[in-house]
Protein chains: 2
Amino acid sequence: MKNEGTLIVLSGFAGSGKGTLVKRLLADYNQYALSISMTTRMPRPGEEHGKSYFFVTKEEFQRTIDRDGLLEYACYCDNFYGTPKAYVEEQLAEGKDVILEIEVQGALQIKEKFPKTLLLFVTPPSAQELKARLVGRGTETEEVINKRMRRASEEAKCMPLYDYIIVNDDLEECVKNTHCIIQASHSTPDRVSKLIDNLKEELSSFSEGE
Amino acid sequence: MKNEGTLIVLSGFAGSGKGTLVKRLLADYNQYALSISMTTRMPRPGEEHGKSYFFVTKEEFQRTIDRDGLLEYACYCDNFYGTPKAYVEEQLAEGKDVILEIEVQGALQIKEKFPKTLLLFVTPPSAQELKARLVGRGTETEEVINKRMRRASEEAKCMPLYDYIIVNDDLEECVKNTHCIIQASHSTPDRVSKLIDNLKEELSSFSEGE
């Protein structure tokens, strides 16, 4: 029987490079599966159903909530976003470490329901660097950039509630470091409880034999 | 200023290979320092003062206890064993991760006093394998081996209190895995609290600007 995988919730500031980090984890290691969110918003050009998101109507979304089919959900700008439960549970049972890329409130919701979840927060080394990256994209207006920085300011307040803070300075380092943190999660006593139980049982025969 | 290192307490069954593991960590990576215990027992052939142990008299040991100079201490077979505080604190301040190889009771004592301590427990994959290793040494009588197995049975009860369980099956894997677990400990929010505080402060200017 396979050991169950780890549920990993990854959050981070817009501009932290968390999207690239997730892509690299999926490409470099065989142990990860990416959870795909469900949303009621319209697909943007290039977005594919079942790949970027599961695009559904508000009625379908409501039905999924009603049958307890979501790990978490939230509403932004009149659109719903949620994490379908079935796929995540399936992959964990297969021994895959499942990555959810979601924002702070959803992340904390999941941790409350599933305390074994590994909460990772990705950040550039400084706010200055964060702004430089957003400006460097060259695609956002100053207004949008300032809005993102204000949002980052709110999100930063929740950083101490995460299990690990991933500083994304050098990407290669960051990928290895994140993989290391996730690997470590496989060695906690609750994750190797079967091994401990077996050892205890086998060893007890030596006490009894005397 | 350097980030403070991690205090690592490593325990494990006799025959788990923890001694070899510690030697390899020290040899393979530059970030580790080994804490040297103080004891009132007589040196065995080949043991050097200040290398294997600090060999002291019972009076010297008592004086060290009196001036709160030990992180933990315990008595076995009429001999005292303890961990001198000064060297550990010095190395941690230098940014080194300090490894203490001590038994279960001392380990739990330290965790209680210093909750940030990383408690690692080293075990072979099974009790059968543990016995095979002890027998394989060819240096111990059956009586000693059975005594060790009984002791292992007692120690196994404390495994769930450790932070991580290190299964020493393949040594190379085990060294890498242990290093990974220790590395991960550098990324918890309390270990990067300065970075979080700086980010919060820098980012708050964006909120105030509005």
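Below, the figures for the structure above:
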item: Test for A:Gly95: is it of a type outside the set (A, V, I, L, M, F, W, C), crowded, with 16+ Cβ neighbours inside 10 Å and touching a residue at least 12 places away in the same chain (Cβ under 8 Å); result: no
item: Odd one out for B:Tyr87 among (1) closer than 20 Å to B:Ile110 by Cβ; (2) exposed (fewer than 12 other Cβ atoms within 10 Å of the Cβ); result: (2)
item: Test for B:Leu21: is it farther than 29 Å from B:Asp169 by Cβ, buried (at least 20 other Cβ atoms within 10 Å of the Cβ) and under 15 Å from the mean Cα position of the chain (by Cα); result: no
item: Failed criterion for B:Gly5 (all others in (1) crowded, with 20+ Cβ neighbours inside 10 Å; (2) touching a Ser or Thr at 6+ places or on another chain (Cβ under 8 Å) hold); result: (2)
item: Yes/no for B:Gly15 being buried (at least 21 other Cβ atoms within 10 Å of the Cβ) and either of a type outside the set (Asp, Glu) or over 23 Å from B:Thr188 (Cα atoms) (or both); result: yes
item: Flag for B:Thr117 being surrounded by 14 or more Cβ atoms within 10 Å (Cβ to Cβ), in contact with a Phe, Trp or Tyr (Cβ under 9 Å, 6 or more places away or on another chain) and either at pLDDT 90 or above or aliphatic (A, V, I, L, M) (or both); result: no
item: The range A:108-129 residues that are within 19 Å of B:Ser187 (Cα to Cα), paired with ones that are part of a helix (DSSP H, G or I) and among the basic types (Lys, Arg) (beta carbon under 8 Å, 6 or more apart); result: A:Thr117/A:Lys111; A:Leu119/A:Lys111; A:Val122/A:Lys18; A:Pro124/A:Arg133
item: In the range A:162-173, the residues that are surrounded by fewer than 21 Cβ atoms within 10 Å (Cβ to Cβ) and touching a strand residue (DSSP E or B) at 6+ places or on another chain (Cβ under 7 Å); result: A:Asp163, A:Val167
item: Subset of the range A:35-69 (residues that are touching a helix residue (DSSP H, G or I) at 6+ places or on another chain (Cβ under 6 Å), surrounded by 19 or more Cβ atoms within 10 Å (Cβ to Cβ) and within 22 Å of A:Ile99 (Cβ to Cβ)); result: A:Ser35
item: Test for A:Lys194: is it over 29 Å from B:Pro189 (Cβ atoms), of a type in the set (Lys, Arg) and within 7 Å of another protein chain (Cβ to nearest Cβ); result: no
item: Of the criteria (1) of a type in the set (Lys, Arg); (2) over 18 Å from B:Thr188 (Cβ atoms); (3) touching a helix residue (DSSP H, G or I) at 6+ places or on another chain (Cβ under 8 Å), which one A:Lys157 fails; result: (2)
item: Matching residues, the range B:187-201, being crowded, with 19+ Cβ neighbours inside 10 Å and assigned to a helix (DSSP H, G or I); result: B:Ser187, B:Ile196, B:Leu199
item: Leading residue by the ranking (farthest from B:Leu34 (Cα to Cα)) among those in the range B:52-91 that are more than 13 Å from the chain's Cα centre (by Cα) and aliphatic (A, V, I, L, M); result: B:Ile65
item: Residue tally, condition within 8 Å of chain B (Cβ to nearest Cβ) and assigned to a helix (DSSP H, G or I), over the range A:162-184; result: 5
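Here's the yes/no breakdown for (1) out of contact with any Lys or Arg (no Cβ under 8 Å at 6 or more places or on another chain); (2) surrounded by fewer than 18 Cβ atoms within 10 Å (Cβ to Cβ); (3) at pLDDT below 90:
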position	(1), (2), (3)
A:Ala127	yes, no, no
A:Gly136	yes, yes, yes
A:Thr139	yes, yes, yes
A:Lys147	yes, yes, yes
A:Glu155	yes, no, no
A:Pro160	yes, yes, no
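The values are calculated or read from the model by the stated rules, or taken from the named source; none is laboratory data. Since this is a predicted model, take the numbers as computed values, not measurements. Note that each Cβ is placed from the backbone with ideal geometry, even for glycine, and that neighbours are counted across all protein chains shown.
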